[in-house]
Amino acid sequence: MNEDSTFEVIRVTSGPKHHLFGFHDLVQSNARGDLLLGLEVADISRPPLPGEKCAAGVIADGSFKRVLDTNTWNYPQGARQQWIGDSDLFTCNLRDECGRVVASVNDGRKCEQLYTLPFPIHCQNAGKAFFINYDRLHAVGAYGYVPSKYLAIPVRIDDVPSNDGLWIGDMSSGKKDLLISVKEIASVGEIRPVHTGFPHYVTHPMLNPTGDRIAFLHRYRLRDGGETTRLMTVGIDGRGLRCLGKGFLSHFTWISNDEIFIWGADQPRVYAMRESRIWNLPFMVYLAKIAKSTIKLGRRFHLRKNQIEDRGGHSKIQSMSFLRVRDGDEFAIEESAVGVLTEDGHPMASPRNLNLLVNDTYPDEDGTRTLMLYDVKANRRINIGKFKMLNEYPDNTKFDSRAVQSGTDVRIKAKFDKGIYMFTRSGLHCDLHPRWSYSGDRIYFDSIHEGSRQIYSVEVSQIYGTI
């Protein structure tokens with residue numbers, strides 16, 4: 001069931017500078033609700049260059065207050081700035097004098113830096129931090145951090161390393177350890193690690209509500225131009241590593257302590273075919289189009305042939321959907337929100353009610369994104385508003401685009417369209433990435449619909465009385 005409702009959208013920040021937060025998996029406000037975390041930049045027309053800094057700080061009463069500068073940030077993920085528990089302390093990733101990615105611990109109330117941890121932070125709970133190698137993430141073309149200085153030398157990283165993967169750090173002692181390696185991850189659920197000639201990597205780690213297990217995506221490119229994604233979970237002690245799905249899998253959120261809500265299609269057999277070594281044969285490159293057609297057929301047969309109504313009143317098959325995936329020893333996966341949430345978005349469960357999600361869409365043909373709430377139990381969608389993207393793209397002649405991709409594996413660099421790469425890494429590409437307040441009564445999101453990139457909020461406390 002889809003509904004439109006009236007919500008007041010408030011712009012929290014103002015120009016002339018641009019403001020952003022980042023991804024959809026972190027709470028932006030502190031426990032009191034009077035401080036927000038954010039970044040401030042002067043130019044969003046291109047991706048960050050090596051060594052380029054932006055201001056990280058807090059937003060109070062619509063005013064941005066700088067706490068520190070960081071040269072370890074990007075537009076999709078920010079600097080992974082996040083509150084520590086219900087305190088006014090927050091962490092922010094940056095690079096030290098040697099170019100290593102670390103994390104600064106800061107006082108948001110006093111607007112001052114306190115000390116630095118010898119490792120970065122992607123997510124954290126109860127004094128334990130979890131993180132990935134952001135240089136490797138950048139090298140594989142994902143949302144890592146550009147190096148602190150331009151690297152002109154060609155880069156080729158280890159495809160399936162045993163000394164890198166998902167890490168854990170103790171925020172009290174500063175000690176860090178490899179929780180689980182890429183090689184171990186790539187081996188689970190397979191006879192042996194898959195080798196496609198491209199590097200494997202870990203991305204999007206997210207703790208479950210009680211903080212005892214962590215979900216993440218395991219990805220690697222394919223010779224036919226696609227990419228395999230596997231949904232994985234592991235205990236914070238490094239035990240109980242599981243592969244919950246393989247195929248085209250995208251953004252997700254935990255909706256209970258042992259259940260994940262994720263967009264995509266679980267297609268292990270189809271993707272096993274695409275990973276076959278037969279693709280090493282030169283003539284097989286010409287069969288890539290056939291493989292893509294097979295994928296579409298595989299999606300139709302793997303998923304139920306769900307009929308949804310388009311604008312013209314005709315029925316069509318929804319080949320992918322959101323999935324509810326059980327994190328347990330017994331495999332369980334089922335479609336969800338079919339015909340209600342009909343495309344990929346960025347879902348985040350409310351800290352007040354894990355069955356209430358905020359979600360968005362990518363731009364439609366008119367460049368408009370939709371912000372919405374979704375009630376998992378009632379299968380009910382409530383549209384909050386629509387927000388249009390700008391029709392502007394980076395001018396690659398006005399900056400050193402080679403520097404933007406420095407540190408990227410040469411095999412990966414060859415796979416990217418330069419124009420698309422520069423746009424999606426620039427601030428002009430502005431997903432809403434909606435996230436909840438600490439108390440769950442308000443939603444915050446980034447948007448560019450008024451001509452500059454700013455942070456907006458919507459109060460949704462009234463919706464709790466109707467679900």
Per 0.36 nm of contour for each residue apart, how much would the distance between residue 402 and residue 11 grow if the chain were fully extended, relative to their Cα-Cα spacing? 137.2 nm
Which residues' amide hydrogens lie under 5 Å from the amide hydrogen of residue 140, considering only partners 5 or more residues apart or on another chain, with H built in the peptide plane? 409
Could you go through the range 236-245 in sequence order and give the Karplus-derived ³J(HN,Hα) for each residue, using 6.51 cos²θ - 1.76 cosθ + 1.60 with θ = phi - 60°, rounded to whole Hz, and x for Gly and Pro? 5, 8, x, 9, x, 5, 10, 9, 9, x
Hey, rough spin-label estimate for residue 53 and residue 32, points 7 angstrom out along Cα→Cβ, what's it come to in nanometres? 2.7 nm
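Taking 8 Å as the Cα distance limit and 6 or more residues as the minimum spacing, I'd like the relative contact order of the chain as a percentage. If you can, show how the numbers build up before the last one.
On the way: 1125 pairs, mean separation 81.2, N = 467.
Relative contact order of the chain: 17 percent.
Given a Förster distance of 45 Å, report the FRET efficiency between residue 378 and residue 152 from their Cβ-Cβ distance, rounded to the nearest 0.05. Let's see the in-between values first.
Working: r = 56 Å, r/R0 = 1.24.
Between residue 378 and residue 152 the formula returns 0.20.
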Can you classify the range 2-466 as rounded, prolate or oblate using the Cα gyration tensor, where a ≥ b ≥ c are the square roots of its eigenvalues, rounded means a/c under 1.5, and otherwise it's prolate if a/b beats b/c and oblate if not? rounded
Too-long pairs where the Cα-Cα distance tops 22 Å, listed order kept, from 386/415; 128/246; 149/413; 17/398; 149/183: 386/415; 128/246; 149/183
Using the alpha-carbon centroid of each, what span in Å lies between the range 435-462 and the range 143-166? 34 Å
Residues meeting the amide H criterion for residue 321 (H placed from the backbone, H to H distance under 5 Å, 5 or more places apart or on another chain) are 264
In whole Hz, what ³J(HN,Hα) sequence does the range 205-214 give by Karplus (6.51, -1.76, 1.60; θ = phi - 60°), x for Gly and Pro? x, 8, 6, 6, x, 8, x, 9, 9, 10
Inter-label distance, nm, simple model (7 Å from Cα along the C-beta direction), residue 462/residue 116: 4.8 nm
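Given a Förster distance of 22 angstrom, what is the FRET efficiency for residue 162 paired with residue 100, based on the Cβ-Cβ distance and rounded to 0.05? Each step should come with its number before you reach the end.
Working: r = 21 Å, r/R0 = 0.94.
E(calc), rounded to 0.05, equals 0.60.
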Among 355-361, 185-191, 216-222, how do they line up by average Cβ neighbours within 10 Å per residue, starting with the highest? 355-361, 216-222, 185-191
What are the ³J(HN,Hα) couplings of the range 250-263, residue after residue, when phi is run through the Karplus curve with 6.51, -1.76, 1.60 and θ = phi - 60°? Round to Hz, x for glycine and proline. 10, 6, 8, 8, 7, 10, 6, 5, 9, 9, 10, 10, 9, 8
Once amide H atoms are built 1.01 Å from N in the peptide plane, which residues 5 or more positions from residue 94, or in another chain, come under 5 Å H to H? 102, 103, 104
Antiparallel DSSP beta bridges within the chain, as percent of all bridges there, nearest 5: 95 percent
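FRET efficiency for residue 170 and residue 258, Cβ-Cβ distance as r, R0 = 35 Å, nearest 0.05?
After rounding to 0.05, the efficiency reads 0.85.
Provide the gained length on full extension for the span residue 65 to residue 391, in nm with one decimal, where the gain is 0.36 nm per separating residue minus the Cα-Cα distance. Spell out each step's value before the answer.
On the way: separation 326, 0.36 × 326 = 117.36 nm, distance 3.01 nm.
That works out to 114.3 nm of additional length.
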Burial-style ranking of 410-416, 162-168, average other-beta-carbon count within 10 Å with highest first, yields 162-168, 410-416
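Classify the range 91-174: rounded, prolate or oblate, from the alpha-carbon gyration tensor (a ≥ b ≥ c, eigenvalue square roots; a/c under 1.5 rounded; otherwise prolate if a/b is larger than b/c)?
Details: a/c = 2.56, a/b = 1.55, b/c = 1.65.
Verdict is oblate for the range 91-174.
Every read-out reported here was derived from the displayed coordinates using simple, explicitly stated rules and does not represent laboratory data. Just so we're clear, the structure is a prediction, and the values are computed from it rather than from any experiment. Every residue, glycine as well, gets a Cβ built from its backbone with ideal geometry; the counts of neighbours run over all protein chains shown.
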